[in-house]
Amino acid sequence: MRILKFCVLFDKLGVRMKIAVIGLGYIGLPTAIMFAEAGYEVIGFDVKKDVVDRINSGKAHIVEPGIEEKLNKVVKEERLKATTKVEKLRGANAFIICVQTPLEGNKPNLIYLENAIRSVAEVIDRGALVIIESTVPPGTTIKMAKLLESLTGFREGVDFYMAHAPERVMPGRIFYELVYNSRVIGGVSEKATELAVKLYKSFVKGEIYATDATTAEMIKLMENTYRDVNIALANEFALLAHQYGVNIFEAIRIANTHPRVNIHFPGIGVGGHCLPKDPYLLLSNAKKEFGLIRLARKINESMPKFVATLLFEALEEGGVEEREAVVTVLGLAYKGGTDDIRNSPALTFVKLIRDRVLEVRTYDPYVGGTHKSLEDAIVEADAVVIATDHPEFKELNWEEIGRLMRHKILIDGRGIVSNPPKGFIFKGVGRGDV
Ligand SMILES: NC(=O)c1ccc[n+]([C@@H]2O[C@H](COP(=O)([O-])OP(=O)(O)OC[C@H]3O[C@@H](n4cnc5c(N)ncnc54)[C@H](O)[C@@H]3O)[C@@H](O)[C@H]2O)c1
């Protein structure tokens, strides 16, 4: 077995350092490209053959501004190769694990991470660095280090080094944020922290904060939980606004002029891979129950149902029989400007209403499998529900749209229609009785 000496870009013999990126999804693929652009030899590993084949042909399987061009370049220059064969990772100086860490029944499923560690165990050489970028419950990185120790007989801090370097990027801005965001890096051992910081410094221009592995895990989860709880507060304010006939968007904008207040904005719900999941990851290894974070989740999870209530109220007001209603949902992605439908509240909303109405049509210019054109989706519809804040939906001409519809009912689940269009029955989250 070779003993690897770890240093950035080149090892002692002047050989270009090899980085293995495990899991080539929304996080792993841009990360692999970034390391390749920084001058490393990068080998990307994924269990999905179609993903690997696509990447090797220079084509990305995810939508992210700039990705096609960058991927094409690093693949052509042979700086990034993808594989489904663990064997090909042999000789890597660093393993960067970016596999999914989903929930199952609100409990973390770490099987993908454990499998990734098993793959590392098959090929790791002494001296290598193993970094978990995936978001994990506090205590997981230490557990994974123990798993790797038991599989290899190596010792963390002596034979290999393990650190957690959580990813803070936002889809749609990944390539900018990978470079300019500040980062938190926590090693199982101090040496692991030191090596991981050194590695990321090769392309990160933001601050790098060094800490221990469990603190790094908690920081990442606290950040997303903070956002989720604050959105839940905004959603509760919105629900209250319906009790008082207040336009919550106007109220929040004015409240936020207070120098120490920054209320988030309410909506149809919270989606994406991270926010609906991370609060549960944060709670999952705790020895006792905690209330606030769980309640915030419940409030956010209830918002699609609230929007469904607004829709059914509006149909009744408009004299449209539920069973006869054709409803068009604008947007399936969880967030404007992306194709990401993971945990999207728009999908939950569609599921909630589809058995109660005659037809649900969906239109999302970013997501395949929906109606091809807006016109096609709204013609003869009884109601339109805005479920995603895509920039395209902010510019719509409601007068023209209204002419194509059978009934003019508009439900704004995202607070993007500032003035209720004339002639429409209009309801929106937090719009009170306006
Ligand atoms: N997507 C985001 O915006 C975001 C932001 C911050 C952090 N994260 C965290 O990053 C991690 C990855 O998220 P993602 O969105 O990139 O997930 P993803 O589902 O897009 O990608 C994961 C990839 O890993 C592959 N994979 C699964 N098990 C594997 C294994 N054993 N070996 C090799 N490949 C394997 C899958 O086939 C998939 O292609 C998660 O923990 C997530 O919470 C994601």
Yes or no: Val329 assigned by TED's automatic domain parsing to the domain that holds Gly369, closer than 15 Å to Ile268 by Cα and touching a Ser or Thr at 6+ places or on another chain (Cβ under 9 Å)? yes
Kindly list, by first and then second residue, each pair from a residue in region 337-354 that is under 18 Å from Arg323 (Cβ atoms) and open to solvent by 60 Å² or more (accessible area, probe 1.4 Å) to a residue that is small (Gly, Ala, Ser) and more than 16 Å from the ligand (Cβ to nearest atom), limited to pairs with Cβ atoms under 9 Å and residues at least 6 apart or on different chains. Leu352/Ala308
Residue that is farthest from Tyr26 (Cα to Cα), among those in region 177-191 that are out of contact with any Phe, Trp or Tyr (no Cβ under 7 Å at 6 or more places or on another chain) and not aromatic (Phe, Trp, Tyr): Glu190
For region 357-370, pairs from a residue that is closer than 12 Å to His390 by Cβ to a residue that is part of a strand (DSSP E or B), with Cβ under 6 Å and 6 or more apart or across chains, are Tyr363/Leu330; Thr370/Thr362; Thr370/Tyr363
Could you please let me know if Val169 is farther than 30 Å from Ala308 by Cα, within 16 Å of the ligand (Cβ to nearest atom) and either surrounded by 15 or more Cβ atoms within 10 Å (Cβ to Cβ) or not assigned by TED's automatic domain parsing to the domain that holds Gly28 (or both)? yes
If you go through region 291-324, how many residues are open to solvent by 100 Å² or more (accessible area, probe 1.4 Å) and over 14 Å from Ile231 (Cβ atoms)? 6
Being aromatic (Phe, Trp, Tyr) and assigned to a helix (DSSP H, G or I) is the filter; apply it to region 173-230 and report the residue that is least open to solvent (accessible area, probe 1.4 Å). Tyr200
Of everything in region 254-284, what is part of a helix (DSSP H, G or I), touching a residue at least 60 places away in the same chain (Cβ under 8 Å) and open to solvent by less than 20 Å² (accessible area, probe 1.4 Å)? Give them in sequence order. Asp278, Tyr280, Leu281
Ala82, sole failed condition from (1) within 14 Å of the ligand (Cβ to nearest atom); (2) open to solvent by 70 Å² or more (accessible area, probe 1.4 Å); (3) closer than 27 Å to Ala163 by Cα: (2)
Among the residues of region 246-253, is there at least one that is part of a loop (DSSP other than H, G, I, E, B), open to solvent by 20 Å² or more (accessible area, probe 1.4 Å) and not β-branched (Val, Ile, Thr)? yes
Could you name every one of the helices (runs of 4 or more DSSP H) located completely within region 326-434 that has at least 3 residues being out of contact with any Phe, Trp or Tyr (no Cβ under 7 Å at 6 or more places or on another chain) and either under 29 Å from Ile174 (Cβ atoms) or modelled with pLDDT under 95 (or both)? 345-354, 391-394
Only one residue in Val42, Val47, Val63 is open to solvent by less than 70 Å² (accessible area, probe 1.4 Å) and either on the phi < 0 side of the Ramachandran plot or not assigned by TED's automatic domain parsing to the domain that holds Leu281 (or both). Which one? Val42
Please enumerate the residues belonging to region 327-344 that are acidic (Asp, Glu) and within 11 Å of the ligand (Cβ to nearest atom). Asp340
For region 285-302, state whether one or more residues are at pLDDT below 95 and within 23 Å of the chain's Cα centre (by Cα). yes
Selection over region 85-114 where residues are over 29 Å from Glu289 (Cα atoms) and open to solvent by 30 Å² or more (accessible area, probe 1.4 Å) yields a count of 4
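The values are calculated or read from the model by the stated rules, or taken from the named source; none is laboratory data. Fair warning: this is a prediction, and the values are worked out from it, not measured in the lab. Every residue, glycine as well, gets a Cβ built from its backbone with ideal geometry; the counts of neighbours run over all protein chains shown. Just the protein is used for accessible areas: all its heavy atoms, side chains included, with ligands, DNA and RNA removed. Shrake-Rupley method; radii C 1.70, N 1.55, O 1.52, S 1.80 Å.
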